[in-house]
Amino acid sequence: MDQIASVLDISYGAAYRRINYKSKISIDEAILLAKHFKISIDSLFGTGDENVIPVRKMQILKGTADFENYFNNSMALLTPLLSIKDAEIIYSAKDLPIFYTSEGNMLTKFKLFVWLKILDAEFKPSSFLNFALTNSLKKSYQKFGELYNDLNTTEIWDVTTINSTLKQLLFYFESGIITSNDAIAVCNDLKKLIQKIYNKTLPNSNFKLYYNELLLMSNNVLIKTPF
């Protein structure tokens, strides 16, 4: 009651009348409430099409703090799946799934470097060598990746899933941004990761991996639950 009165800048009595359907909520008020409580405005009026699933565009990540928040928020969303029987994640991977590059090694550093170069216009390190990860970012990313290992997952890969990282590495090497020693270290981490993923493909495990002969154009994640 207090929150509604505060958001709409109305009296306690006026808020009470709206909650008890004695006064109508205007469109402007509905928009204010939807923004404040982060819900679909359709749900306020109960007019949503049952055949339509509303989605919300994710905020563009522009810095290490945004990435840290993204990992923490994603972990909070995925954790409940651990307690839901038969819940499953299906990951169509154009690139290496983000969960796998979280071990705090050179591959982790390289992938975050690339993401920041692409997304953050103000990210302008002189070289890969001068780029450093904060301890809090490392920890949040590692916890995010560890959670994925405990979930039932099905992944679909094609040749670009690994090649995209190799092409990124070649580009930054030829641009003089990453040294040959660091590039080799990233390749070694990538090789270890592939072996680790291969070892997960055991009978009766919670992990399945499929090869797609068609070209995957994007990364898509589907979460399946029994209800």
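Could you pull out the residue among Lys167, Lys196 that is assigned by TED's automatic domain parsing to the domain that holds Asn149, assigned to a helix (DSSP H, G or I), at pLDDT 95 or above and loosely packed, with under 13 Cβ neighbours inside 10 Å? Every option except Lys167 fails the conditions.
Taking the stretch 122-133, which residues are surrounded by fewer than 12 Cβ atoms within 10 Å (Cβ to Cβ) and in contact (Cβ under 8 Å) with a residue 24 or more places away in the chain? The answer is Glu122, and nothing else. Across the stretch 79-109, the qualifying residues are those that are among the basic types (Lys, Arg) and crowded, with 16+ Cβ neighbours inside 10 Å, and the one among them that is nearest to Asn152 (Cα to Cα) is Lys94.
Just one of the listed residues (Lys62, Lys85) is touching a Pro at 6+ places or on another chain (Cβ under 9 Å) and at negative phi, namely Lys85.
Here Ala185 clears all of (1) out of contact with any helix residue (DSSP H, G or I) (no Cβ under 9 Å at 6 or more places or on another chain); (2) among the small types (Gly, Ala, Ser); (3) assigned to a helix (DSSP H, G or I) except the condition numbered (1).
Might you let me know whether the stretch 30-40 holds any residue that is part of a loop (DSSP other than H, G, I, E, B), at pLDDT below 90, touching a helix residue (DSSP H, G or I) at 6+ places or on another chain (Cβ under 9 Å) and small (Gly, Ala, Ser)? Yes, that holds for at least one residue.
The values are calculated or read from the model by the stated rules, or taken from the named source; none is laboratory data. Source: prediction; values computed, not measured. Backbone-built Cβ (ideal geometry, glycine too); neighbour counts: all protein chains shown.
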